[in-house]
Amino acid sequence: MRNFFQLFIAILLLTRSLASVAYAQDKGFEISKNLEIFANVYKNVHKNYVDDVDPGKLMKTAIDAMLASLDPYTNYYAESDMEDVKLQLLGEYGGVGALIHQQGGKIYVAEPYEALPADKAGLKAGDRIVEVNGVTTDGKTTSDVSSAMRGQSGTQVKLKLERDGKLFERTLTRQEIKLPNVPYSGMVGGGVGYIKLTEFTQDASKNVRDAFKKLKSQNPQMNGIIIDLRGNGGGLMNEAVEIVGMFVKRGELVVETKGKIVSKNVKSYTRNAPEDTEIPIAVLIDGYSASASEILSGSLQDFDRAVVIGSRSYGKGLVQNILPMAYNTQMKVTVSKYYIPSGRCIQAVDYSHRDENGRAVRVPDSLKTAFKTRNGRTVYDGFGIEPDIEVEKDYMSALSVALIQKFLIFDYATLFAKTHASIPDASQFEITDQIYNDFRQFLSDKDYEYSTTTEKYLDELKDIAKEEKYYDAVADDIASLEAKIKSDKAGDLTKYRQEVSEMLKNEILSRYYYQKGRVEGSLKEDKDVLKAVEILTDKARYNKILGR
């Protein structure tokens with residue numbers, strides 16, 4: 001009770017101190033009035049509500065609800081969330097270095113990171129986490145267990161695990177886990193180099209620069225470089241600016257931020273001598289490439305310095321700042337929008353306008369504005385980065401979705417790793433007929449029922465036919481179609497062999513070569529990478545795309 005009234009008095013004092021200043025400012029009266037109303041509501045709930053309430057939780061709920069009405073990127077972080085903030089900003093946290101997942105109500109190690117505490121302690125993908133520091137994981141979520149395993153570097157965490165029906169324990173010393181933002185770089189054929197960048201955390205530009213210089217020194221006649229930003233949700237804006245500066249001359253304006261506080265608007269220029277202003281570049285993007293990924297890809301597109309390949313990016317043109325607050329809490333606040341060299345902002349969703357259901361609306365086509373790249377090509381604002389070359393997306397079959405959701409790809413890879421001490425290098429390993437037939441046998445007693453899109457539409461047709469009184473007339477035809485589809489589905493493991501084999505290969509490779517193996521093993525069949533190699537090795541086509 002005493003803590004509550006201390007908090008309540010602090011709110012009233014804050015309200016009154018704000019009120020003395022706010023009257024002299026725009027909306028000052030509304031601010032002070034509503035702060036006082038909020039304080040009264042908070043006091044009355046605590047005093048009169050039928051059950052006891054937790055003041056901290058109640059306030060957190062109120063703050064989260066308020067910020068959720070703005071945009072998804074403005075967030076409040078309590079002191080206990082600081083490890084998550086470090087992970088977002090720096091790509092590092094205090095922990096054991098392992099991905100986990102929930103399967104059948106139990107928590108399993110999904111993938112230990114190479115040479116980190118979990119890996120050094122011998123944890124393997126497929127190990128069940130039974131207890132963390134003596135507390136059972138039964139009924140816990142992956143978030144609960146992940147939080148329990150994280151903590152300050154140098155402290156210990158005791159895990160009880162199960163493997164092949166046997167229990168064992170490991171005591172791990174937490175360390176600062178820094179996830180690699182460049183998990184793989186190498187050559188992909190045609191004299192073309194490849195760099196995978198997963199996030200713009202601290203040192204991303206340094207790691208990209210180091211990877212590029214190494215590739216170039218080992219391959220002096222390199223025909224081009226691919227920068228893969230697919231799935232990269234962004235991060236630190238300055239890291240994107242530094243990477244742009246590797247490939248364009250010093251002093252170029254890369255991005256400008258504009259917000260409410262004019263004095264805090266920033267123009268970011270390339271600062272250092274470039275590494276190479278001539279080498280052909282292809283940037284790969286998809287619908288999950290956002291924020292700093294869009295600054296990098298969009299700037300190189302605006303400078304006509306790179307061909308952008310893949311599918312339209314996410315469309316996040318908002319900039320956030322981290323603001324420290326009392327009691328070791330923090331806020332991440334959207335403070336401005338960013339504009340890339342052509343002058344366009346790629347923000348696709350207008351959070352200041354909502355539809356009748358309260359959902360933010362996308363920028364309509366009628367309000368999109370045309371801009372020009374340096375060579376005079378037309379680009380548009382308001383919907384992310386449009387690729388110069390769009391590659392048709394492959395959609396996963398219902399069979400593959402079922403195999404993933406039931407963790408059958410994962411479970412088979414676990415079994416495979418137990419019975420195969422080694423496999424060929426990641427670039428050479430393939431799913432042979434023998435391995436695939438073994439996988440078929442593994443599935444023979446497993447439940448992975450699934451419905452195809454055709455079956456779903458056929459069910460809808462049956463419902464409509466019954467509603468409109470046509471079902472009796474077409475019942476035999478529908479039954480015949482159902483039988484044919486069922487018969488054809490029996491051959492799905494053959495029909496979708498290539499797709500299933502790729503998933504198997506990637507999962508198996510991770511057991512021997514970690515994340516690096518996943519990336520390297522997927523490149524030979526990657527449609528976006530193959531298209532990039534095709535364009536980079538055809539100088540006339542490359543130049544034509546860029547308007548040269």
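The values are calculated or read from the model by the stated rules, or taken from the named source; none is laboratory data. Values in this document were obtained by computation on a predicted structure and should not be read as measured data. Neighbour counts are summed over all protein chains in view; Cβ atoms, including those assigned to glycine, are modelled from backbone coordinates with ideal geometry. Areas reflect the complete protein model, heavy atoms only, side chains present, ligands, DNA and RNA absent. Shrake-Rupley method; radii C 1.70, N 1.55, O 1.52, S 1.80 Å.
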task: Sort out for me the Cα centre separation of the stretch 220-252 from the stretch 357-417, rounded to whole Å.
output: 21
message: Give the lysines whose C-alpha is closer than 24 Å to that of Lys462, dropping any in the same chain fewer than 8 places away, or say none.
response: Lys484, Lys486, Lys489
- request: Can you pull the one-decimal nm distance between simple spin-label points at Leu58 and Lys264, each 7 Å off the Cα toward Cβ?
  value: 3.1
field: Percentage relative contact order, the chain, counting C-alpha pairs under 8 Å, at least six apart
entry: 11
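Per residue, how large is the accessible surface of the chain? Use a 1.4 angstrom probe and give square angstrom. Kindly include the intermediate steps, with their values, before the conclusion.
Numbers: 29320 Å² over 548 residues.
Accessible area per residue, the chain: 53 Å².
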query: What is the Rg over Rh value, at two decimals, for the stretch 129-213, using alpha-carbon atoms and the Kirkwood definition of Rh?
result: 1.18
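Lys pairs in the stretch 154-200, Cα-Cα under 28 Å, at least 8 apart or on separate chains: how many?
Working: Lys158/Lys166; Lys158/Lys178; Lys160/Lys178; Lys178/Lys196.
Taking the stretch 154-200 as the scope, the lysine pair count is 4.
By average Cβ neighbour count within 10 Å, what is the ranking of 238-250, 138-150, 399-411, 158-170 from highest down?
Working: 238-250: 21.8, 138-150: 15.5, 399-411: 17.7, 158-170: 13.5.
Top to bottom by mean Cβ count within 10 Å: 238-250, 399-411, 138-150, 158-170.
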field: Structure-derived Kirkwood radius over Cα pairs in Å - corresponding label in (1) 27.3; (2) 33.3; (3) 26.3
entry: (1)
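Which helices of the chain meet both criteria: a Cα extent of 27 Å or more along the helical axis and a mean Kyte-Doolittle score no lower than -1.0, with helices taken as whole DSSP H segments? Don't skip to the end; give the middle numbers.
Details: long enough: 2-22 (29 Å, 1.32); 28-48 (30 Å, -0.47).
Membrane-span-like by this rule: 2-22, 28-48.
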field: Fully extended contour minus Cα-Cα distance, from Leu461 to Ala483, at 0.36 nm per residue
entry: 6.4 nm
message: Taking all protein chains in place and a 1.4 Å probe, what share, in percent, of the accessible surface of the chain do carbon and sulfur account for?
response: 51
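Going by average Cβ density within 10 Å per residue, which order do the peptides 223-229, 477-483, 284-290 take, highest to lowest?
Details: 223-229: 25.7, 477-483: 12.3, 284-290: 23.3.
So the peptides 223-229, 477-483, 284-290, ranked by packing, come out 223-229, 284-290, 477-483.
Ranked by accessible surface with a 1.4 Å probe, highest first, in what order do Phe200, Phe29 come?
Details: Phe200 0, Phe29 105 Å².
Most to least solvent-accessible, the answer reads Phe29, Phe200.
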query: If the chain between Asp538 and Asp276 were fully stretched, how many nm would it gain, using 0.36 nm times the residue separation less the Cα-Cα distance?
result: 92.4 nm
His101 versus Phe29: modelled label distance in nm, points set 7 Å from Cα along the beta carbon direction: 5.9
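Excluding Ala417 itself, what net charge comes from residues whose Cβ is under 10 Å from its Cβ, given Lys and Arg +1 and Asp and Glu -1?
Working: positive: Lys124, Lys418, Arg511; negative: Glu507.
Taking every Cβ under 10 Å from that of Ala417, the sum is +2.
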field: Long pairs among Lys206/Lys372; Lys406/Lys456; Lys213/Lys372; Lys124/Lys505, criterion Cα-Cα beyond 24 Å
entry: Lys206/Lys372; Lys213/Lys372
Virtual paramagnetic centre 7 Å along Cα→Cβ of Tyr470, amide N under 16 Å, in the stretch 434-455: none
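How much length is gained on full extension from Tyr436 to Val50, taking 0.36 nm per residue of separation minus their Cα-Cα distance? All intermediate terms of the calculation are to be shown ahead of the outcome.
On the way: separation 386, 0.36 × 386 = 138.96 nm, distance 6.19 nm.
Between Tyr436 and Val50, full extension yields 132.8 nm more.
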- line: Straight-line reach check, Lys43, cutoff 27 Å on alpha carbons, 8 or more apart in-chain or any other chain, hits among lysines -> Lys27, Lys33, Lys57, Lys60
